[in-house]
Amino acid sequence: MKFKEIISQDDIYTFFDERGILPTPEDKSLLKIDARHFLRLIIEDNLDRTIANIIKKEYSGKQEFVEHLLIVKSDFEIFIFKKLYGDPDTVIYDKQKRYASDTELSLLKKIDSLKYDETDTSDSFYELFDVREVVDKFYEEYRQLRDQMAEIIEGTPNPNFLSQIILNRIIFIYFLQAKEIIPDNYLARLCFNMDEGENYYRDYFEPIIFELFNKEAEFRDSNINEKFLNIPYLNGGLFSRFEGVEILKGEPLKIEISNDIWKKIFLLFNNYGWIIEEERGDSVSITPSVLGHIYEKSVVQRETGSYYTPKDITNYISKNTIYPYLTHKLNKRFKTKYKDVKELVDKEEYNNEELNQIYTLYFDFLKKLSVCDPACGSGAFLVAAEYVLFDLYKKCIVILKDSNDFKQEQEVIDKNSNRNYYIAREIITNNIFGVDIQEGCVEIAKLRLWLSLVSEIDIGSGQIESLPNIDYNIMVGNSLIGFTKLEKRVKRDIADWTVPKGEMDELRKLKKEFRRTKSSKRAEQIRHLISEKTEIIQEELNALYCHNNKIAIKDKITITDEMSDEEVLNQIQLMNQNHSLTKFKIKLKKKNSVNLDKVRAIDGITCYAREGKVSSIYPTPSFNFEKHKEGKRDSLSTLLLTFISKWNEVEIIEFERLINVKDLNTIGFFHWIIEFYDVFENGGFDIIIGNPPYIRQEKINDLTNGIDYKLILAEVFSKLVKNETDPINRNLDNMDLSVFFIFRSFMLLRDDGYHSFIITNKWLRAAYGLSIRRFLKYNTQIVKLIDFIKSDVFQGLTVDTVLYILRKNKFATNKISFCLPNSIDEFILNDHSYNCEQVLLEDEVWSFSDPITVELKTHIESRGKKLKDMNIKIYRGVTTGFNDAFLVKSEIKNKIITKKPELEDFFKPILKGKNITRYSINWKDNWIIRFENRLSKRLGIKNEKEFQSKMPNLFDHYKSFFKIKGKGKGLKNRDDRGEFWWELRACDYYEEFEKVKIIATKAAKEPSFALDYCNFYILNTSYAIVSESKMLLAILNSNLCRFYIQEFMSKLKYGSTGTYEPKIKELEKFPVTSSEKPFDVVDYLHINKEAFEDITNGLIYELYFKEQFYADGLYPKSENYLHKALEKYLKPIRYKEFSKLDWKQEIGKITDKEQEKLNNIIRENRYLVEELISAIDKDSEIKKWMDIIKTHRWVKKIEEKIND
């Protein structure tokens, strides 16, 4: 049966039965769609109220089984699928509704594809709500039309942006059609019914957009009013004539879009349904939220770091910052103890004191609340915040509407078309702020906010309000560069500048009027006034910003043969205007043409560039410096131009200079103190939320045009950490871009304000995150942290993310609520969070431990000495810089030493990290050429030619790699090299590799350690621990150590799907306990790991926890009962001897006598292993102590963590 054929309740059950979705035995209205999710069938007569209740309903709590909803109108004409969470979370199919053909087919196809899934996530059910198909399909055609339109636009350097603006206006009007503010399909009908010779852009688009929507009726051309319907005046800046579009100097803006393109646009748009109310959106129609997905696809994500944030996340962050902030304000003002502001607004009855609290909440807190997203993108967080605030506004108004004190406010509300419109307008003009560096993002964000307002218009009232101007709420700018406050003055005149309060007060009034005015003419006048005043202040602030941030950046001038003397002089003078040439270097085209005169001239000019005067130590007869006296730096230009003209060999002039105003214009800036003066006069924003762009540190400078943006950011934000009392790593230039937004948010936030981002989680553990970890630990109260390391939040993004919520408040004591969900489902429905002490966060790695884990850590660390205190050294493996050349197989090794057998000593067996597992080594026939640093000099080799002569076979081997770069700079130019390119980098501990040692893989799914009796070298993907202690090996390979590494050391990714990478300094701190008894069981592990690993873990638990076992009543005394039960069966195994003989066999150097001995040892060891396995299986005492050990809460916690 097809879904469209359903006409009765029995049909519904038949439809689902055919797809394996059956009712539960206990409740026929509950249909099981997979192992964990159910569909509750509700049949109702009055859907309006039901739909409203469902849409407004909030779900919370810890739910193991999830009920979604299917609401059906009793005449079986309307079907509503309601998902418990998600974006969209509602899909409506109405048999009577006229759908676009593609929309209806796509929707019915999804519904008909529903089927039961035995897993706990029904793909077919979730696909019903998945917008990716419609986004991908719509965007691909949209992109083609946008690009076609851009190709014919002239007069702007960014025609793609302008074509996007044009299409955005059409999209907006399609939403107006969906709201019935203008007739359905109005634009398309005009296009397809044009008279011959008419041009749609000129004769229809321009008058509709720039005249009708943008001007009041009295200011419109009378001919236009007659030609078109009574289109309402909407204002809002959306319909102004391409505000902000850059125009090429001397060229008119030329837009001649053919009628054919317009027809394609309308055919595309008419293929889809359009729903303006985001909460009623579905997975096959175009909604305002889908615009965010579409814009995400239109930007180059890898370059801009922009990813659209799912609705579940934006809602969660908005609620969990706005609610607690307002709750804190209420409790502080009234000395109350509300856990949530909703406790107050959701009450059924109120006494006078509570009404007073509501009154204060509304007027003092809600209406003055400021929420900002400093990287707002397409506005997802701003819209989510608006919805949260809308609910609170509405509840307050309903509660206060009959109060005498509220009468004046109620009169203002009543002047609007309806209450909801007034609330939405108040929020987007007073409460919501956003900044983004991409103009296209700001366009979409404003569009979505306007649409949220339009969705509240009551068409039946006949009153259509004009849209507010929000150009000064949602703005274009570089959030990271610019003043948030004025720093302390210095003595220079420029730093005596202060915010001109009179002018700022005037700007404040103008912006307030701008937001409120309904006159397009007045709006343009105000915009012009604001622009004039702001530009003057910005120029002064830019100069002050450069003065206060004396940041030296690298720059260069490249001289080409095509450049005229005038062009060269202009470049030099621009360089010279900086008065800050701290470094200066001239590079010539012909390096071999340098003579003494040129050297002296270059040195003289370099000295002059740095010191501003001529030095007498650079005399040269062919280049006279005497005529250039001390004085103005401008004479440097003359010196350089003379030198360039004389020799005509200058290729590049490299220099270092301080940043200037031109640099700020290139990288972008945003002076928060003037753009949002009201906010910062009151201390900053109350709430900062968002998802800042993720761009790796090595890619940051790709954002700017030849300017070291990464260095500028590092220097600017280093001021935040320079006052820390403890010595910390203040080098910020290895941070990815998103982390700078954390620092910035702290600067934008008022005291006691709340801040939340979803962001990369690398800074929690990586070395570069040390500064931000310490800063947040000591300057904020971390409220909540949700680490999504085990689940993917963003489709198509492989970076692990974290969601944190913090309050700007230095704490005395604070507990962090920490959550590590396995999936987004679990995060939403099962908040398995636990509390961690903020003060216990360690600088090296943030580990969020539950109380039992904290107990464990404390106990383990109290039980022994740190490795470094036991005089046990740990070394990193060898770095070659070019493994392909320095690692060879036996065949190549033998070929190289054929004519020079003495070279065999240069070859050492080597292991890669992947060759090491717990208790075993798997050598893969790899030899390293140990040609160490400065060995050439000891052998009398002075240059490459002599190296080739003395070692021709080795040279020929290297020669085969000369033209191969690999991942780096190539064999000869690599950084990790000795004095000569054929040498390894300097290393002081080669001899340590030729000792018995424990070797460990550096990064692996599970920490792995093995005992090496054969003098293997290791690559830098491994560590060498210089010890032959069997007990230490057992401890390091134990579940206890694995747990400690997993919880408290560096990790690259979480759990069984990821890797751990403990650093040397972390391993050195690992506490090792000792035992009086020998740990001979380790030799048995080498032979049969699977048979003895479980009992060895038991021995290690006993070694560390026997006192606690006794204290908790599990052990009669604090003794090693398991070890005593086992030791009587342990007999010596000749594993060390076996290893050495086995190695000789591996490399073909074993004698017959040694081979016989090896075979005997193998037989003997195998017999002893089988004997011990049998003894353990029969010994009830061993089983008893093992069972007791496994019941302890600490052991259970460790086993649970490592198996997670």
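For the reader, a short list of remarks on this structure follows.
- Theoretical gain in end-to-end length, Glu196 to Glu891 [0.36 nm per residue, Cα-Cα removed]: 242.0 nm
- FRET efficiency, Ile852 to Thr917 (Cβ-Cβ, R0 45 Å, nearest 0.05): 0.90
- Taking the Cα atoms of region 1081-1202, the ratio Rg/Rh between the radius of gyration and the Kirkwood radius comes to 1.11.
- Contour excess over end-to-end distance, with Cα ends at Lys965 and Asp869 and 0.36 nm allotted per residue: 30.3 nm
- Pairs of Cα atoms nearer than 8 Å and 6+ residues apart set the relative contact order; for the chain it is 7 percent.
- Candidate lysines - alpha carbon under 16 Å from Lys1144, same-chain residues fewer than 8 apart omitted: Lys908, Lys924, Lys1136, Lys1153, Lys1157
- Ellipsoid semi-axes in whole angstrom, largest first, where each is sqrt(5λ) of the Cα gyration tensor of region 134-298: 24, 21, 16
- Here each label is just a point 7 Å from Cα along the line to Cβ, and for Lys485 and Glu151 those points are 5.5 nm apart.
- Of Lys335/Lys815; Lys815/Lys873; Lys784/Lys1063; Lys311/Lys790; Lys82/Lys512; Lys1065/Lys1149, those spanning more than 31 Å from alpha-carbon to alpha-carbon: Lys815/Lys873; Lys82/Lys512; Lys1065/Lys1149
- Residue exposure sequence - Asp663, Asp1177 - by fewest surrounding Cβ within 10 Å: Asp1177, Asp663
- Partners for Lys97 among aspartates and glutamates (Cα-Cα distance below 13 Å; same-chain residues under 8 apart left out): Glu77
- Point-to-point label distance, Arg516-Asp221, nm (Cα→Cβ direction, 7 Å offset): 3.4
- Sorted by Cβ density within 10 Å, fewest first, the residues Glu353, Glu67, Glu649: Glu353, Glu67, Glu649
- Partners of Lys368 within straight-line reach, counting aspartates and glutamates whose Cα lies under 12 Å from its Cα and excluding those fewer than 8 residues away in the same chain: Glu426, Asp678, Asp686.
- Taken along the Cα-to-beta-carbon direction at a fixed 7 Å, the label points for Glu349 and Asn271 span 6.1 nm.
- Percentage of interatomic Cα-Cα distances in the chain larger than 51 Å: 43
- Alpha-carbon centroid distance for the pair region 990-1047 / region 132-183, whole angstrom: 60
- Separation of alpha-carbon centers, region 1065-1084 and region 4-25, rounded to whole Å: 63
- Pairwise alpha-carbon distances in region 311-538 exceed 27 Å for 43% of all pairs.
- The fewest-to-most ranking of Asp1152, Asp203, Asp364, Asp686 by surrounding Cβ atoms within 10 Å reads Asp1152, Asp364, Asp203, Asp686.
- In percent, rounded to a whole number, the relative contact order of region 134-298 is 35, using alpha-carbon pairs under 8 Å and six or more apart.
- In terms of Cα atoms, the Rg and Dmax of region 67-215 work out to 20.2, 62 Å.
- Region 688-858 - Debye-derived log10 I(q)/I(0), Cα point model, q = 0.15, 0.20 Å⁻¹: -0.88, -1.51
- Note on Glu256 and Lys115: the extension gain reaches 45.7 nm, defined as 0.36 nm multiplied by sequence separation minus the Cα-Cα distance.
- FRET E, pair Phe65, Thr1059, Förster distance 30 Å, beta-carbon r, rounded to 0.05: 0.30
Bear in mind these aren't lab numbers, they're just calculated from the coordinates by the rules spelled out. Not measured: the values here are computed from a predicted model. All Cβ positions, even for glycine, are placed from backbone atoms using ideal geometry, and neighbour counts span all protein chains on display.
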